[in-house]
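The values are calculated or read from the model by the stated rules, or taken from the named source; none is laboratory data. What you are looking at is a predicted structure, and each value in this text was computed from that prediction instead of being measured. For neighbour counting, all protein chains shown are included, and Cβ atoms are generated from backbone atoms with ideal geometry for every residue, glycine included. The area values use the complete protein model at the heavy-atom level, side chains included, leaving out ligands, DNA and RNA. Shrake-Rupley method; radii C 1.70, N 1.55, O 1.52, S 1.80 Å.
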Amino acid sequence: TVNGQVVYSIAEETERGASVGNIAKDLGIDAATLAARKFRMITGSSKQYFNINASTGALSVNEPIDREQLCELKSACLLNYELVLENPLELYRMEFKVLDINDNSPSFPLSEYHINMPEFLLPGARFILPNAQDLDEGTNSVQNYTLSPDEHFRLEMQTRGDGSKYPELVLKKALDREQQATHRLVLTAKDGGDPPKSGDVPVIVTVLDTNDNAPEFEHSVYRASILENSPSGTLVVQVHATDLDEGPNGEIRYSFSNTTSADLQQMFLIHPHTGEVTVNGVLVVQRPLLEMLIEARDNGAFGMSSTAKLLVEITDVNNHGPEITITSLSSPIPEDAVPGTVIALLSILDKDPGENGKVTCQIPDNLPFQLKPSLENYYSLVTSGLLDRELISGYNITITATDLGSPPITTQKTLWVEISDVNDNPPVFSADTFDVFVEENNPLGAFLYQVSASDPDTGDNGRVSYMLRNSTVAGSALASFLSVSLANGSIYAKRAFDFEQLRSFYFQVEAKDNGSPALSAAITVNVYISDQNDNAPAILYPTSQNGSVAVEVVPRLADEDYLVTKVVADDEDNAQNAWLSYHLAHSSDSTLFRLASHSGELRTARSMRSTDFLKHKVVVVVRDHGDPPLSSTVTVGILLADTLPQALPDFDDSGEPPPLLNATNIYLIVSLACVSCIFAAFLLFLAIIRLCHCRTCCCSSCCCPTDEYEKYCYSVRMLPSSHLPPDMLEVTGVGKLTHTYLYRASVGLG
C-alpha cells in the first residue's frame, strides 16, 4: 500500500469466493465502520469481479476473471477500482494485476491450409506456414512448432525484421507429382505452459508444374501514420512487390493475410492491383499502433506469395468529450445543512491523451453550491450557502466539463438535488378567532365548523392534527360538549345545546404538526347558540289545581268592559319565539266576553243581564310567534254572583242546560224502555195465571171468602188508588210511584 493505493495480484480464473486480501487491514481502516460509512467499489468494468465483506473487510473474488477476454493481447492486465467511504468522504485506489495461467491452447486461424508447389522446385525451397495464436502471454504463449514426419519436408523457424518468429516449410527432397500429387502434413504448435498445451492444423501440399518465383516486397515492414478522425478513403500507404516471372506468373494481386484480424480488414481496404491501403469507414480503435500482414500473390497457375508487415500509428485528435460520472450523490439533503456539506462526488475523464484529455469543470455561479477538486479526476460538490426548502425545494445543477483540446469539447450533465424538509414552521391559522353559530336542539354528532391550519413543511412535518385544549363550559369539561377530528379539524357536537341554559361559550383548538420536535398553534372559537321555538308558553295565571277549572267570580250585574281576569303567560324562548298573543278558543256565550290579544285581559263585552246563566266557561289559547308556533290553553270558569259562595260549583260541564237528546240520554231511554217492556210482560203473564186460578175457585164451594176474593180481584186489576180500600193499601205496602197508578201482583194470600 502506497499513498492511499493498494495493489493486489491474482491469477485469472480464480474461483468465486477465493480470498484476495483484507482491504480494511491493508488500508488501515476500521472494518466495523465500513457499513456505516456506506462504502462502495467503483470501476469502469461492466462486471463486479470482487466483493468486500462489510463486517470484516475481507476482499474476495465475486466473478472469475478471464484475462484474455478482459485484456486481449495486452502484456499487462490491470483492473482499477476506487473505494469510496463517506462520513468523512475518503477515496482509495485499488489495482488488481491479473496473472496469466495456461488456460488457452494454441489455435490456427483456419481449419486447414493448402500449399501449391511446383514439382521442379529444388530442395531448400521455403514456404511460410501460418502462425498459431495463443491468447496466453509469456511462456504460456506459443513457443515452438513441430511437423509430422515426411521425407520431403522439414520445419524451420524464421525471424522477421521486427523480431517475431514464424514457421517455414522447407523442401528437403525434390517432388515428383507423378509419384505423389498431394502431401498431407500436420503442423503442431505448442506453448510453454505446465503442462503444455498444443494445437494442430492440417497442411495440404499440392504439387504443381508451374511458376517457380514468388513476389518479393520492397520492404519487409511498412510504417504509416494517420489521424484517428481520417475520413473514409484516406490513403495510408502504398506497398509494392515484384515477381521475376513473366506473364500471368508475374502479375501480382495484393490482399490482407488471413492472419490479419477481421476488424482491421473492415477498417482498411487494399487495392488488389496498386497496393494502396486506404481508410474504410470510421476508425474505432483503442490501440495507438495497428499491425497488419499484407500478402502479394502472383497469378501463375501455381500462385506464389510473400507477406510484408504494415504498422499503422494512429495520431490522436481531440475527438472525445469529457465523460462525467456521478460516483456518489446524497439527495435529498436537509434544508438545515451547514455550508461545506458534501453533496456528490464526481469523476470526470477524457479518453484523449495529452492536452486533449485535460479537463476543467464548473457550475453556475447563482447556486448555493460549489465544486472542489478532490483526488485526480475527481471533484466534490459541496454547499456554499444556506438552504430553504419552502423557498426552493430542489436545484437542477448543470455541471460543465471542457477539455483543453483545439477546438475544445464541452460536456454537460445535470444533477437534481432535492432539499428535504425539517420542521422549522409551525401550523398557521387563517384568522385569530372564528365565530360559529349553531341552533339549539342540534342532533348528537352534528357538524359545527371546520378549522384549518396550513403548514408549509412537508411529510410529517407538514401533517397537521387538531385537538381541543382542556377547558370547562358551564362547569363541565369541554370534551363533554364537543369533539374535533384529529385529521381535518371538523368540530362536532357531543350533546344537544339548550339556548335557555347556555347561550354562548368559547374554546381553543390546537393545531400541532407531527415533526420532531412538534410545533403548534392555537385558535379561539366562539360558539353562539341560536334559539329555536322549542318551548310552549307557560300559563302563570290563572292556575288550576288537580285538574280543576280556575274560577273567577263576577258581579251578577257587571257592566260592559268589566275586567274578569288577566291571563298571564311566559315563554322561555327568545325574540319572536317568545312573542305571545292571546285568543279565545271557546266561550259558553260568545257575546258576553272578549279577550285582548296582546295583554291577555278578559273583559265583559256587554253588561250582564238577569237572564244570563250563572255559570260560564271560557277556553283561552296563548300562542307564540315561532315557526311553527306553539300554544298552551287555560280554561277559566266564570261564576256570576254578588258574593263569594262558600262552595264553588262544578264547572266540568259547560254551564248551559244539556240538550234533551244526546248519545248518553238516548242509550238510557232505550235501556229503560226495554226493562219496562220486559217487566210489563212479566206482570201480564202473572195476571193471566192468577185470573185463571180465581175463576176456578168461584165455581167451587171451597172458594175463598168474598172479602178475600175481592182483594184478589183488585190485585189483578189496575185501579186508581183512590178506589182501593184502606186495608188493601196497607196490605200491599208498595212505595209511591211517579204516576197515579199502583200495581199489585200476588199469587195468593193463603
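Subtract the Cα-Cα distance of D66 and A680 from 0.36 nm times their separation in residues, and report this length gain in nm to one decimal.
206.7 nm is the gain from fully extending D66 to A680.
Could you sort the peptides 292-300, 627-635, 671-679 by per-residue average Cβ neighbour count (10 Å cutoff), highest mean leading?
292-300, 627-635, 671-679
What Kirkwood radius, in Å to one decimal, follows from the Cα pairs of segment 296-408?
Kirkwood hydrodynamic radius for segment 296-408: 17.7 Å.
Output ³J(HN,Hα) for segment 492-502: one whole-Hz value per residue in order, computed from phi by the Karplus curve 6.51 cos²θ - 1.76 cosθ + 1.60 with θ = phi - 60°, and x for Gly and Pro.
These are the phi-based 3J(HN,Hα) values: 10, 7, 9, 8, 7, 7, 10, 4, 5, 9, 9 Hz.
When N counts the residues of segment 493-575, how does its alpha-carbon radius of gyration compare numerically with 2.2 N^0.38 Å, as a ratio?
Scaled against compact globular proteins, the figure is 2.24.
Only Cα pairs under 8 Å and at least 6 apart count here; give the relative contact order of segment 9-99 as a rounded whole percent.
It rounds to 36 percent for segment 9-99.
Scattering from the C-alpha atoms of segment 538-640 alone, worked out with Debye: what is log10 I(q)/I(0) at q = 0.18, 0.19, 0.20, 0.23 1/Å?
Normalising to I(0) and taking log10 leaves -0.82, -0.89, -0.97, -1.19.
Looking at segment 1-140, send over the antiparallel percent of its DSSP beta bridges, to the nearest 5.
Among the beta bridges of segment 1-140, antiparallel pairing accounts for roughly 75 percent.
In a solvent-free Debye calculation with one equal scatterer on each Cα, what is log10 I(q)/I(0) for the chain at q = 0.07, 0.11 Å⁻¹, listed in the order of the q values?
With one equal scatterer per Cα and no solvent, log10 I(q)/I(0) is -0.88, -1.25.
How charged is the neighbourhood of G192? Take every other residue with its Cβ under 14 Å from the Cβ of G192, and add Lys/Arg as +1 and Asp/Glu as -1.
My count for the surroundings of G192 gives -4.
Whenever you get a sec, compute what percent of the accessible area on segment 301-388 sits on carbon and sulfur atoms (1.4 Å probe).
The value for segment 301-388 is 50 percent carbon and sulfur by accessible area.
Counting DSSP beta bridges in segment 216-315, what percent are antiparallel, to the nearest 5?
75
Determine the alpha carbon to alpha carbon distance for each of K47/K309; K172/K197; K74/K413; K25/K372; K38/K372 and list only those over 31 Å.
Result: K47/K309; K74/K413 exceed 31 Å.
Taking R0 as 45 Å, what FRET efficiency do you get between N319 and N144 from their Cβ-Cβ distance, rounded to the nearest 0.05? Write down the numbers at each step before the final one.
Values: r = 43 Å, r/R0 = 0.96.
Step by step, r from the Cβ atoms, then E = 0.55.
Over 20 Å, how big is the tail of the calculated P(r) for segment 212-274, in percent of all Cα pairs?
In whole percent, the share of Cα-Cα pairs in segment 212-274 beyond 20 Å is 36.
Could you work out how far the C-alpha centroid of segment 603-632 sits from that of segment 272-322, in angstrom?
Each part's Cα centre sits 133 Å from the other's.
Working from Cα positions, state the angle (0 to 90°, nearest 10) between the long axis of helix 706-715 and the longest principal axis of the chain.
For 706-715 against the chain, the angle is about 40 degrees.
For a label point 7 angstrom out from the Cα of N514 toward its Cβ, which stretches of segment 480-505 have the backbone nitrogen within less than 12 Å?
So the set is 487-488.
Output the Cα-based Rg and Dmax of segment 216-315 in Å, rounding Rg to one decimal and Dmax to a whole number.
For segment 216-315, the Cα-based Rg and Dmax read 13.8, 44 Å.
Percent of Cα-Cα pairs more than 21 Å apart in segment 9-99, please.
30
Below 19 Å, Cα to Cα, which aspartates and glutamates can K615 reach? Residues fewer than 8 away in the same chain don't count.
Counting by Cα, and skipping residues close in sequence, K615 has these aspartates and glutamates nearby: E552, D559, E560, D561, D589, D642, D650, D652, D653, E656.
Using alpha-carbon pairs under 8 Å, 6+ residues apart, how would you state the relative contact order of segment 428-530 in percent?
38
Quick one: compute the contact order of the chain, relative version, from alpha carbon pairs under 8 angstrom and 6+ residues apart, as a percent.
6
Computed from the mean reciprocal separation of all distinct C-alpha pairs, what Kirkwood hydrodynamic radius does segment 147-287 have, in Å?
Working: mean 1/r = 0.0534 Å⁻¹.
With all distinct Cα pairs of segment 147-287 included, I get 18.7 Å.
Can you tell me the 0 to 90 degree angle between the C-alpha axis of helix 663-698 and the longest principal axis of the chain, rounded to 10?
The angle comes out near 50 degrees.
I'd like the antiparallel share, as a percent to the nearest 5, of DSSP beta bridges with both residues in segment 538-640.
So the antiparallel bridges amount to about 85 percent of the total.
Among L371, I392, V568, pick out the residue whose Cα is farthest towards the positive end of the charge dipole of the chain, where Lys and Arg carry +1 and Asp and Glu carry -1 on C-beta, about the Cα centre.
V568
Label-point separation (nm) for S75 and D589, each offset 7 Å from Cα along Cα-to-Cβ?
Computed distance between label sites S75 and D589 equals 14.9 nm.
Principal axes first, then extents: for the Cα atoms of segment 428-530, list largest minus smallest coordinate on each axis, whole Å, largest first.
For segment 428-530, the Cα spread along each principal axis is 46, 22, 22 Å.
Determine the gain in length on full extension of the stretch S46-E560; use 0.36 nm per residue of separation and subtract their C-alpha separation, reporting nm with one decimal.
Gain in length upon complete extension: 172.9 nm.
Quickly work out the T398-to-V568 label distance, labels modelled 7 Å from Cα along the C-beta direction, and quote it in nm with one decimal.
The two pseudo-label positions are separated by 9.2 nm.
Highest mean first, how do 109-117, 611-619 rank when packing is the count of other Cβ atoms within 10 Å averaged over residues?
611-619, 109-117
Mind listing the long-range amide H neighbours of V221? Cut-off is under 5 Å, sequence gap 5 or more, other chains count too, H placed in the peptide plane at 1.01 Å from N.
K309
What does the convex hull of the alpha-carbon atoms of segment 272-356 project to on average, in nm²?
Values: hull surface 40.8 nm².
Computing the convex hull of the Cα atoms and averaging its projections yields 10.2 nm².
So what is the calculated 222 nm ellipticity per residue for the chain, using -39500 (n - 2.57) for each DSSP H run with n of 4 or more, over all residues, to the nearest 500 deg cm²/dmol?
Roughly -3000 deg cm²/dmol at 222 nm, from the helical runs in the chain.
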